[in-house]
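Below you'll find the structure I mean.
Where a number appears in this text, it was derived from the coordinates with a stated rule and is not lab data. Here the structure is a predicted model, which is why all the values come from computation and not from measurement. Cβ sites come from the backbone with ideal geometry, for glycine too, and all protein chains shown count toward neighbours.
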Amino acid sequence: MASEKKHTNTGKRSLKSQNIFRLVLLLILLVVINVLSSFVFTRFDLTSEKRFTLSESTRELVSDLKDVVYVRVYLDGDFPPSFKRLQNATREMLDELRAYSNGNLEYQFINPSENPDQQERNKIYQQLVDKGIQPTNLQAKNKEETSEQIIFPGVLISYLGQEIPLMLLQDQLGASPEQMLNNSIQALEYGFANSIRKVTSKFPTTIAFLEGQGEAAEVRVADISRELKSFYQVERKRIDGKLNSLKSYEVVIIAAPDSLFDEKDKFILDQYVMQGGKILWLVDGAKVSMDSLEKTSETVAIANQINLDDMLFRYGARINYDLILDLQAAPIPVVTGYVGNRPQYSPMPWYYFPIVIPESKHPIVNNLNAVRFDFVSSIDPVGSMDVIKTPLLVSSKYSRVFVTPARVTLDLMKEEPQLSQYNQSNKILALLLEGTFESNFKNRVPATILNDPEIAFKEKSEKTRMIVIGDGDVIKNGVRKSTNGIIPLGMDRYTGQVFGNKKFPA
């Protein structure tokens, strides 16, 4: 018995010694890891979807910051679990950005509703709205009652005296609240990276709205211009045959031209592209407007021939002389009866005004709210294999094509649509072109121009990009006739619905 007891005590001491040895070894290992971590920076993302793994371009962006970017997040407070997810994801994203910023990114979460004084809270709310942070009315339900809470799901990003807003909640027509939150979380990196890039840009990009061919009047693009001015310098410019008239612009916007482009101005536009310039083409394939339907219930849409077909075809796109009708459409008020002599109006879908919910995952339209078009034409990708052609927005599966000349009548809304007629699905309405473009004037210019060093003619472009949209109205804001006031771009004056036009393709 004594021998057995002695053996048991020896085993316990041996086990105790092993545990102590393991503990000491673990402590030594932790010390070594901490010492090494002071020399080597590594972050691990163990989530299956790699949600917190920043792209290389984002890591480079924040690691190159020269001064402190300060982020004020107006998403603090007591929220339902769904919004807690957005709050936590935002904090995690900012932690990740800060980790790569070399100490040049700081953030603060703020509750704009914490002040108990209602008047002071309203002042803060108005200040946020003035800065571009829009409120959301959050409804919370429990067993006894439904409560409402105003939240501001956005941030203000500041850098060396410059400040820009970023909305964290991506509103999308037709999406459930859960889908909107998921999309918003997925868009966090792109939103922060894009905003940081803009606010830290040393030399603001200059954009020109082209004039001279009947393009949209300044008052009709006032709202998109105001939006763009938050990030860019915006001007209006006529070419007038001047060779270097577009040289200083990063982007040229051609919005709703209705008159012929002469060959000299086309040559200047072409060489602007060859030098790496970018163009946003917003060109109607058909001429028609609602103004012509105010006095009569019928009009005719005709081809909008402005001498751009050859140029766009060479670059990779053809805007067709047609109109796209879509059963997924915005409503307009229509007289449906009378009470005495007073007409009674009811909203009815106007199939010439398609509402397009983006399906592409391209960053330009990913998580973008639905975009409303007015009398839009289809686009075909054509031509060069050197150009990548990416459809950004397409019609729904219930769409139809009317080729010009086409009769446009309000009587269309009196008829029950036949699905068999709306069977031309997914017509391209907005097309991104990227790559190396061939000059529209290749093999067409005389030797005097070809060899002129001042002109410096190029027949192949540097890598660049352009967007072609078959509707000039997509970036036009409304104007109140009584006051000449601006109706915000994307706001449906009849329903109050706000579409994503202001964010596409700004």
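Arg236 versus His362, label points 7 Å from Cα toward the beta carbon: distance in nm?
2.9 nm
For Asp223, what charge total do you get from the other residues with a beta carbon under 10 Å from its beta carbon, if Lys and Arg give +1 and Asp and Glu give -1?
Working: positive: Arg220, Arg226, Lys476, Lys502; negative: Glu227.
Result for the neighbourhood of Asp223: +3.
Read through the labelled values [x] 3, 15, 23, 22, 17, 9, 4, 3, 2, 1, 1, 0; [y] 3, 17, 27, 27, 18, 7, 1, 0; [z] 4, 13, 15, 14, 13, 11, 9, 7, 5, 4, 3, 2, 1, 0, 0 and report the label of the one computed as P(r) over Cα pairs in 10 Å bins from 0, in percent from the structure.
Answer by label: [x].
So, one more: Using the Kirkwood radius over C-alpha pairs as Rh, can you work out the diffusion coefficient of the range 56-199 via Stokes-Einstein at 10 °C, viscosity 1.306 mPa s, in µm² per second?
99 µm²/s
Efficiency by 1/(1 + (r/R0)^6): what FRET value for Glu434 and Asp78, r their Cβ-Cβ distance, R0 = 45 Å, to the nearest 0.05?
0.50
Amide H neighbours of Thr205 under 5 Å, counting only residues 5+ apart in sequence or on other chains, H built in-plane at 1.01 Å?
Gln233
Between Thr409 and Lys123, what is 0.36 nm times their sequence separation minus the Cα-Cα distance? Round to one decimal in nm. Don't skip to the end; give the middle numbers.
Values: separation 286, 0.36 × 286 = 102.96 nm, distance 4.87 nm.
Between Thr409 and Lys123, full extension yields an extra 98.1 nm.
Related question: Mind giving me the nanometre distance, one decimal, between the label points for Lys66 and Lys229, set 7 Å out from Cα along Cα→Cβ?
In this crude spin-label approximation the distance works out to 2.7 nm.
Something else about it: Whose amide H sits under 5 Å from the amide H of Ala303, counting only residues 5 or more places off or on another chain, with H placed in the peptide plane?
Here the answer is Lys287, since their amide H atoms fall under 5 Å of that of Ala303.
With axes computed from alpha carbons, what is the tilt in degrees of helix 81-99 against the longest principal axis of the chain, rounded to the nearest 10 within 0 to 90?
Between helix and principal axis, roughly 80 degrees.
Neighbouring Cβ atoms within 10 Å as the yardstick, rank Phe373, Phe209 fewest first.
Least crowded to most crowded, the residues run Phe209, Phe373.
Using only the alpha-carbon atoms, how far is helix 188-199 inclined from the longest principal axis of the chain? Give it as 0 to 90 degrees, nearest 10.
70 degrees
In addition: On alpha carbon coordinates alone, what is the Rg over Rh value for the range 206-503, Rh being the Kirkwood radius?
Working: Rg = 20.2 Å, Rh = 20.3 Å.
Using Cα coordinates only, the ratio equals 0.99.
Also: What are the ³J(HN,Hα) values, in whole Hz, obtained from phi via the Karplus relation 6.51 cos²θ - 1.76 cosθ + 1.60 with θ = phi - 60°, for each residue of the range 204-218 in sequence order, with x given for Gly and Pro?
Going residue by residue, I get x, 5, 9, 10, 10, 8, 6, 10, x, 10, x, 4, 3, 5, 4 Hz, with x marking Gly and Pro.
Follow-up question, since we're still on this one. Helix 263-274 sits at what angle to the longest principal axis of the chain, using alpha carbons and giving 0 to 90 degrees rounded to 10?
Approximately 10 degrees, to the nearest 10.
Rounded to whole Hz and in sequence order, give me ³J(HN,Hα) for the range 116-121 from the Karplus expression 6.51 cos²θ - 1.76 cosθ + 1.60, θ = phi - 60°, writing x for Gly and Pro.
Per residue, the Karplus-derived 3J(HN,Hα) values read x, 7, 4, 5, 5, 4 Hz.
Which ³J(HN,Hα) values, rounded to whole Hz and listed in residue order, are derived for the range 472-487 from phi using the Karplus coefficients 6.51, -1.76 and 1.60 in 6.51 cos²θ - 1.76 cosθ + 1.60 with θ = phi - 60°, glycine and proline given as x?
Each residue's phi maps through the Karplus curve to give x, 7, 5, 10, 8, 8, x, 10, 6, 5, 6, 10, 6, x, 8, 8 Hz.
Projected area of the range 329-425, taken from the Cα convex hull and averaged over every viewing direction, in nm²?
8.9 nm²
With the alpha-carbon atoms as the only input, what is the per residue convex hull volume for the range 336-379 in Å³?
It is 99 Å³ per residue.
Separation between the Ser248 and Leu450 pseudo-spin-labels, each 7 Å from Cα along Cα→Cβ, expressed in nm?
The modelled label-to-label distance comes out at 3.4 nm.
Under a 5 Å amide H to amide H cut-off, with H placed in plane at 1.01 Å, what residues pair with Ala430 once short-range neighbours are removed?
For Ala430, the qualifying residues are Leu392, Leu393.
Count the net charge of all other residues whose Cβ sits under 9 Å from the Cβ of Glu298, scoring Lys and Arg as +1 and Asp and Glu as -1.
Numbers: positive: Arg407; negative: Asp411.
Residues near Glu298 contribute 0 overall.
What's the exposure ranking of Ile324, Ile388, Ile279, going from fewest to most Cβ atoms within 10 Å?
So the residues, fewest neighbours to most, are Ile388, Ile279, Ile324.
Compute the length gained on full extension between Ile388 and Asp262: take 0.36 nm times their separation in residues and subtract their Cα-Cα distance, giving the result in nm to one decimal.
42.6 nm
Ok, one more. Mind scanning Lys361/Lys460; Lys131/Lys502; Lys389/Lys463; Lys229/Lys427; Lys202/Lys476; Lys247/Lys287 and naming the pairs with a C-alpha gap bigger than 24 Å?
Lys361/Lys460; Lys229/Lys427; Lys202/Lys476; Lys247/Lys287
Near Phe313, within a Cβ-to-Cβ distance under 12 Å, what is the net charge of the other residues, with Lys and Arg +1 and Asp and Glu -1?
Every neighbour counted, the sum reads -2.
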